[in-house]
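In what follows, a structure is listed as structure tokens, so that the remarks can point back to it.
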Amino acid sequence: MVNTSFRITNSLKKIVYYSIFFCSFQVTFSQDTGKSSAEIRGTITVPKNNEVIEDLYHKRALNRYAKHHGGVNKTPKPYSLSEQCVIYIESAPQYSSSSERQRRAELDQSDLMFRPLVLPVLVGTTVDFPNRDELYHNVFSYSSVKEFDLGRYPKNQVKSVTFDKAGTVQVFCDIHTYMFATILVLDNPWFTTPSEDGSYVLSNVPPGTYQISVWYLRKKVDTKTVTVKENQALVVNFEL
Amino acid sequence: MNQQLKICLTLFILLHLVSQFSYAQIFVSGQASASYLQSGEALSRYTVNEGRGTFAWRLDVFADAIISENLKFYSNIRITEEQRLNIDLLKLRVTDIAGLGLNANIGKIFIPFGSLGERRYPKQNPFFHLPLMNEHITTLALSDYSLHTLDPMQVISGNGFRLLDYGLYDAGISLDGSVGKIEYALALINGAVSATSSYTASGLNNNQGFGSVAHIAYVPSEEFSLGGSFGYGPFISENNPQGEDPNHYPQRITGIDISYSLGYFSFFGEAIYNNWMFDDEPDLNAFAYSAEIHYTIIPRILCAVRVGGIRFNEITADVYSQDGTYGTYTGTWDDIVVRYETALQYRIEKDALIKLVYEIYSTYGNFGDPSDNLLVLQTVFGF
């Protein structure tokens with residue numbers, strides 16, 4: 001009897017444990033796969049010291065023929081992580097951009113810096129270049145993807161360029177030679193910028209094998225090959 | 001060579017000292033240019049190597065540093081194919097003194113006259129030369145006050161004052177700042193702006209009196225600037241052969257400058273009126289002007305044209321002829337010159353360009369208009 005009741009008790013315990021385990025598994029599973037397609041998520045860990053910011057700051061301040069306008073001597077706000085880092089899928093054959101509506105993005109010029117430092121856009125996007133400084137800027141690029149020269153224009157004027165070919169576009173100012181930014185013109189919409197804590201999510205990724213890359217500051221710093229299955233939540237972390 | 005070594009050593013020690021400050025970080029950059037020059041063959045101050053095709057190069061090295069938030073260090077060494085090493089710029093800049101927006105420079109400084117600015121460097125200058133007013137070598141001899149007006153060999157010797165001496169750097173101190181739409185700069189320098197003599201062995205001019213320079217500009221908007229300049233200082237050496245007091249031989253120079261740029265178009269205009277004043281002789285005056293237009297035709301390709309000229313006042317002087325007799329000369333004290341320049345520039349990359357420049361000189365003087373036009377092919381690399 002004792003043995004029997006003991007067995008029953010043990011069996012009940014197992015049932016309870018299995019039930020709890022199964023339920024918890026179910027909860028976790030449903031959170032991760034509740035969407036119609038897969039996602040890639042993870043964390044970007046970047047070095048603490050940000051040399052480029054220092055570099056930009058110093059060079060910006062070193063203006064040997066300084067005009068005396070306000071704003072030149074202001075300390076610029078440092079770039080946030082989302083302004084200097086992009087996670088993107090290199091190419092996605094399944095994706096066709098023809099159905100996408102016209103998109104717009106903005107590469108700001110303020111405090112003698114381009115913002116963001118790296119701007120990801122989809123092919124076909126028109127990028128606006130507003131000048132918010134009390135000085136002239138002359139935005140140009142000689143990149144093979146898109147060659148343009150917007151000429152000199154003053155504060156509050158905006159000039160625009162449409163990027164119709166995928167690739168990397170390096171952007172400069174002809175007057176302030178240290179000003180620099182990169183526009184990543186991508187052929188698919190699976191790109192994002194990380195939050196300040198480094199976390200990122202690429203949602204609605206179709207199943208397949210991809211190369212996922214990280215652009216940080218002025219260059220691509222890491223690429224990983226990943227295979228994502230339907231309804232999978234794939235975790236891909238990067239340590240730069 | 002010893003002098004160059006001294007300069008290098010001094011600069012090295014200075015940079016080393018600067019780098020010892022905790023905040024200091026030295027930024028080294030520069031521009032290198034190589035040129036092929038082909039001029040006319042006539043006897044002229046503008047003829048290059050008697051008309052033979054000539055290769056020339058120039059290297060500018062900039063070493064800048066931030067010592068503290070309000071204290072910066074700038075230097076510029078220039079080396080040319082003539083193996084001359086010059087420290088054009090070697091200054092400390094104190095910014096925003098007492099929160100007043102006032103800045104001070106001390107050392108070998110950029111003289112605040114006119115609006116040449118960064119156009120003095122090959123990468124920012126679509127032409128080969130600086131404006132004529134910065135480069136024309138007059139017949140007024142250096143460190144002396146004798147004229148060589150009537151001696152063709154002296155006229156072409158390249159041994160005379162410029163109105164504005166080349167790169168416009170000199171030892172001194174300057175203040176600059178702005179009040180509303182007015183920008184100003186004041187400087188005390190060593191001597192006059194015509195006699196900074198970057199190319200003397202010491203790298204400094206050889207007159208030691210104080211000169212003063214001021215520039216004030218009205219800048220109502222980003223695209224437009226209207227400025228005025230004034231300079232005054234002795235132009236002859238203390239060691240002049242006649243033993244004269246340099247303070248009795250000042251240069252007084254005034255100028256206006258205007259600039260406008262928008263979109264793909266830029267215009268720079270400047271005019272100066274110069275007096276070299278003599279104790280017992282009539283003044284030697286000169287009026288010079290320069291106007292240039294740059295236009296970016298398509299990305300990478302820029303064209304530019306410039307016209308510049310210098311006119312001189314008439315004098316009456318006793319002259320000594322080769323036959324041993326004295327006579328009187330009446331006429332301009334130097335040849336009137338007009339220079340027309342055209343340039344086509346192609347940017348290979350952001351920091352690399354190639355340009356083709358053609359200069360036409362028209363000289364109206366005692367010895368006719370020599371064939372001295374110049375064709376230049378120049379490549380410039382920034383680093």
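The values are calculated or read from the model by the stated rules, or taken from the named source; none is laboratory data. Since the structure is predicted, the reported quantities are computational estimates derived from the model, not experimental observations. Here Cβ is always computed from backbone atoms with ideal geometry, including for glycine, and neighbour counts include all displayed protein chains.
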**Request:** Could you tell me whether A:Val185 is hydrophobic (A, V, I, L, M, F, W, C), surrounded by 19 or more Cβ atoms within 10 Å (Cβ to Cβ) and away from every other protein chain (no Cβ under 14 Å)?
**Result:** yes
**Prompt:** Any chance the range B:49-65 includes a residue that's in a strand (DSSP E or B), crowded, with 20+ Cβ neighbours inside 10 Å, at the interface with chain A (Cβ under 10 Å from one of its Cβ atoms) and at pLDDT below 90?
**Reply:** yes
**Request:** Mind telling me which of the residues B:Leu284, B:Leu344, B:Leu353, B:Leu302 ends up being over 30 Å from A:Val139 (Cα atoms), of a type in the set (A, V, I, L, M, F, W, C) and surrounded by 15 or more Cβ atoms within 10 Å (Cβ to Cβ)?
**Result:** B:Leu284
**Request:** Could you tell me which residue of the range A:184-217 is modelled with the highest pLDDT, considering only residues that are more than 21 Å from A:Leu81 (Cβ to Cβ) and among the hydrophobic types (A, V, I, L, M, F, W, C)?
**Result:** A:Val185
**Residue in the range B:322-333 that is closer than 20 Å to B:Asn285 by Cβ, out of contact with any Asp or Glu (no Cβ under 7 Å at 6 or more places or on another chain) and hydrophobic (A, V, I, L, M, F, W, C) present** = yes
**Item:** Residue list for the range A:98-150, filter: of a type in the set (Asp, Glu) and over 22 Å from B:Ile301 (Cα atoms)
**Value:** A:Glu100, A:Glu106, A:Asp108, A:Asp111, A:Asp128, A:Asp133, A:Glu134
**Asked** Restricting the search to the range A:111-137, which residues are modelled with pLDDT under 95, within 10 Å of chain B (Cβ to nearest Cβ) and outside any loop (DSSP other than H, G, I, E, B)?
**Response** A:His137
**Request:** Report, by residue number, each residue of the range B:351-383 that is part of a loop (DSSP other than H, G, I, E, B) and without any contact (Cβ under 8 Å) to a residue 24 or more places away in the chain.
**Result:** B:Gly368, B:Asp369
**Asked** Does B:Ala288 satisfy the criteria of being of a type in the set (Gly, Ala, Ser) and farther than 27 Å from B:Val48 by Cβ?
**Response** no
**Request:** May I ask you to list the residues in the range B:267-285 that are part of a strand (DSSP E or B) and either over 18 Å from the mean Cα position of the chain (by Cα) or within 14 Å of chain A (Cβ to nearest Cβ) (or both)?
**Result:** B:Phe267, B:Phe268, B:Leu284, B:Asn285
**Item:** Scope the range B:66-118; condition among the hydrophobic types (A, V, I, L, M, F, W, C), touching a residue at least 12 places away in the same chain (Cβ under 8 Å) and not in a strand (DSSP E or B); matching residues
**Value:** B:Leu100, B:Ile111, B:Phe113, B:Leu116
**Prompt:** Based on what the data block shows, is A:Val201 surrounded by 21 or more Cβ atoms within 10 Å (Cβ to Cβ) and not in a loop (DSSP other than H, G, I, E, B)?
**Reply:** no
**Message:** I'd like the residue in the range B:205-263 that is outside any strand (DSSP E or B) and of a type in the set (Ser, Thr, Tyr) and, out of all such residues, is modelled with the highest pLDDT.
**Reply:** B:Tyr249
**Message:** Quick check on my filter: what residues within the range A:160-177 are within 14 Å of chain B (Cβ to nearest Cβ) and crowded, with 17+ Cβ neighbours inside 10 Å?
**Reply:** A:Val161, A:Val169, A:Val171, A:Phe172, A:Cys173, A:Asp174, A:His176
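Of the residues B:Tyr260, B:Tyr264, which is within 22 Å of A:Ile175 (Cα to Cα), surrounded by fewer than 16 Cβ atoms within 10 Å (Cβ to Cβ), within 14 Å of chain A (Cβ to nearest Cβ) and of a type in the set (Phe, Trp, Tyr)?
When all the criteria are applied, what remains is B:Tyr260.
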**Request:** Being away from every other protein chain (no Cβ under 12 Å) and of a type in the set (D, E, K, R) is the filter; apply it to the range B:80-111 and report the residue that is surrounded by the most Cβ atoms within 10 Å (Cβ to Cβ).
**Result:** B:Lys108
**Request:** Mind listing whichever residues of the range B:347-383 are within 14 Å of chain A (Cβ to nearest Cβ) and either among the acidic types (Asp, Glu) or touching an Asp or Glu at 6+ places or on another chain (Cβ under 8 Å) (or both)?
**Result:** B:Glu349, B:Asp351, B:Phe381, B:Gly382, B:Phe383
